1. Can you give me the long-range amide H partners of Leu66? Hydrogens built in the peptide plane at 1.01 Å from N, cutoff under 5 Å, separation of 5 or more residues or another chain.
2. Can you give the extra length, in nm with one decimal, that the chain gains between Thr114 and Asp42 once fully stretched, where that is 0.36 nm per residue apart less the Cα-Cα distance?
3. Mind checking which lysines have their Cα closer than 26 Å to the Cα of Lys54? Skip sequence neighbours fewer than 8 apart in that chain.
4. By how many nm would the segment from Asn58 to Met97 grow when fully extended, if each residue of separation counts as 0.36 nm and the alpha-carbon distance is taken off?
5. Would you mind getting me the FRET efficiency between Ile49 and Lys27? Use the beta-carbon distance for r and R0 = 22 Å, nearest 0.05.
6. As an exercise, identify the GluC sites (Glu not before Pro) in the stretch 15-102 lying in DSSP coil whose Cβ has no more than 13 other Cβ atoms within 10 Å.
7. What's the magnitude of the charge dipole for the stretch 34-123 around its Cα centre, counting Lys and Arg as +1 and Asp and Glu as -1 at the beta-carbon? Answer in Debye, nearest 20.
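Just so you know, all these numbers are worked out from the coordinates, no wet-lab data involved. Fair warning: this is a prediction, and the values are worked out from it, not measured in the lab. Cβ: placed from backbone, ideal geometry, glycine included. Neighbour counts: every protein chain shown.
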Amino acid sequence: MNLNNPFRPLSTKTKSAVSAIEDIITKDEGGRGMASLVVRGDLEEAAMIFARLKRNDNIRPHVLILSGFPCCVDHNPPTETDGPPGAVAIACAAVLMGYKATIVTDECNEEVFTAACADRESLGGLMLNAFLV
């Protein structure tokens, strides 16, 4: 995608790459019944929205990332294993693109997300918030 013109259509090569990534990240490796939650094309649409956020000298868009669904309820903390690094990767990409980024998670996952964000403080614009449920 051309960030100077984010409304330009994606090339066939780029669409193919996004589709291949979507195939990988939507596999239900744990057999948890996630297939019904997958909407083909969501990754491409999310990337397009992300790239189209308006940036200027006075206002930086703020990206909110919600993660940390407590799916491993018999563990302490009950955090999923792929959520924290994925959320941090998205937040880092947002900050590097000039956006502010906030990761929001449940209080029970705060320690895991704090550790995942520990080496990212030098980026600036990355925040972590935990809320009570």
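1. Distant-sequence amide H within range of Leu66: Val104.
2. 23.1 nm
3. Within the straight-line cut-off, Lys54 pairs with Lys13, Lys15, Lys100.
4. 12.5 nm
5. 0.40
6. Loop-located and lightly packed - Glu29.
7. In debye, rounded to 20, the stretch 34-123 gives about 620.
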